[in-house]
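Structure first, then comments.
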Amino acid sequence: RDEFRSVADVRGKGLMIGIELVKDKQTKEPWPELRDAVVESAFRKGLLVLGAGESSLRLCPPLVIDREQADFALTVLAESLREQEKSR
């Protein structure tokens, strides 16, 4: 969470995880434009993530997932988030 200036909260049950993106961690002002840009960027790199709520990402992997797939998803998500934070 601390690595990314826009990640205010990570929550979920099992493998279904929500990542709340905000403009400022103190005020918790939602950042839907960043969320949409991360969704698009990840999709272009081969990862499907969903928008949820006002400015959250939803990760909802299949029930059966191997280590290589999980590593790919986390790498792509981190790259996309890093790129989009930097460009804003």
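The values are calculated or read from the model by the stated rules, or taken from the named source; none is laboratory data. Owing to the predicted nature of the structure, the values given are computational and were not obtained by experimental measurement. Every residue, glycine among them, receives a Cβ derived from its backbone with ideal geometry; neighbour counts consider all protein chains shown. In case anyone asks, the SASA skips ligands and DNA or RNA and just uses the protein heavy atoms, side chains included. Shrake-Rupley method; radii C 1.70, N 1.55, O 1.52, S 1.80 Å.
Among 25-34, 53-62, 66-75, the peptide with the highest mean count of other Cβ atoms within 10 Å heads the list, and the full ranking is 53-62, 25-34, 66-75. Here's how it looks for Ser56: its modeled amide H is under 5 Å from those of Leu21, which are all 5 or more places away or on a different chain.
For the chain, the longest principal axis of the C-alpha atoms and the axis of helix 67-86 are separated by about 20°.
Volume per residue for region 10-58 equals 69 cubic angstrom (convex hull of Cα atoms). Ignoring any ligand, DNA or RNA, what whole percent of the accessible area of the chain comes from carbon and sulfur when the probe is 1.4 angstrom? Ligands and nucleic acids excluded, carbon and sulfur give 54 percent.
Can you give me the accessible area per residue for the chain, using a 1.4 Å probe, in Å²?
For the chain, the solvent-accessible area averages 66 Å² per residue.
Close amide-amide hydrogen proximity is noted between Arg5 and no other residue 5 or more places distant or on a separate chain, at a cut-off under 5 Å (H modeled in the peptide plane; Pro and chain starts excluded). Calculated mean residue ellipticity, 222 nm, the chain: -12500 deg cm²/dmol, from DSSP H runs (n ≥ 4) at -39500 (n - 2.57) each, averaged per residue and rounded to 500. In the chain, taking the dipole from charged Cβ atoms about the Cα centre, the farthest positive-side position among Val10, Thr27, Pro61 is held by Thr27.
Each label point was placed 7 Å from the Cα along the Cα-to-Cβ direction; for Glu40 and Lys86 their separation is 1.8 nm.
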